[in-house]
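Below: the structure, in structure tokens.
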Amino acid sequence: MPSPAVAGILSANFIEARHHTDHPDGDIAESNQAFQLEKQGDPSLPYYMLVHPESGEVFGTFSGFALTTKAFTDFLEAGVAKSAQKKVAVVE
């Protein structure tokens, strides 16, 4: 469960989408791993991307765990500022 600060930003500005690279179905896992490497060039987990749902443009990335709530909210807010559209997908 995200902190209230993160949850507020997410619910107001984002549509959540997840790509599990450890999915029990090997074909899905391989497809998601390929997507992650293509879009991110980084196999780190967790890895967050802010992606425009129609154009596929990546507005921001965040690799690894956030040590502070502020670090993660700063990442989300920067993505919102870069997006001309209010809703972008979060791919985890």
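Considering only residues that are at pLDDT below 85, of a type in the set (Ser, Thr, Tyr) and over 19 Å from residue 14 (Cα atoms), which ones fall in the range 24-75?
44
If residue 67 satisfies every condition in (1) in contact with a Gly (Cβ under 7 Å, 6 or more places away or on another chain); (2) assigned to a loop (DSSP other than H, G, I, E, B) but one, which is the exception?
Condition (1) is where residue 67 drops out.
Tell me which residues, restricted to the range 10-34, are closer than 17 Å to residue 61 by Cα and either under 13 Å from the mean Cα position of the chain (by Cα) or loosely packed, with under 14 Cβ neighbours inside 10 Å (or both).
Within the range 10-34, 10, 13, 14, 15, 16, 17, 18, 19, 20, 34 qualify.
Any residue in the range 74-86 that is touching a residue at least 60 places away in the same chain (Cβ under 8 Å), part of a strand (DSSP E or B) and exposed (fewer than 13 other Cβ atoms within 10 Å of the Cβ)?
no
Considering only residues that are within 17 Å of residue 77 (Cβ to Cβ), in a helix (DSSP H, G or I), free of Cβ contacts under 8 Å to residues at least 24 places away in the same chain and of a type outside the set (A, V, I, L, M), which ones fall in the range 1-39?
4, 8, 11
The values are calculated or read from the model by the stated rules, or taken from the named source; none is laboratory data. Being a predicted model, the structure only gives us computed values, none of them experimental. Here Cβ is always computed from backbone atoms with ideal geometry, including for glycine, and neighbour counts include all displayed protein chains.
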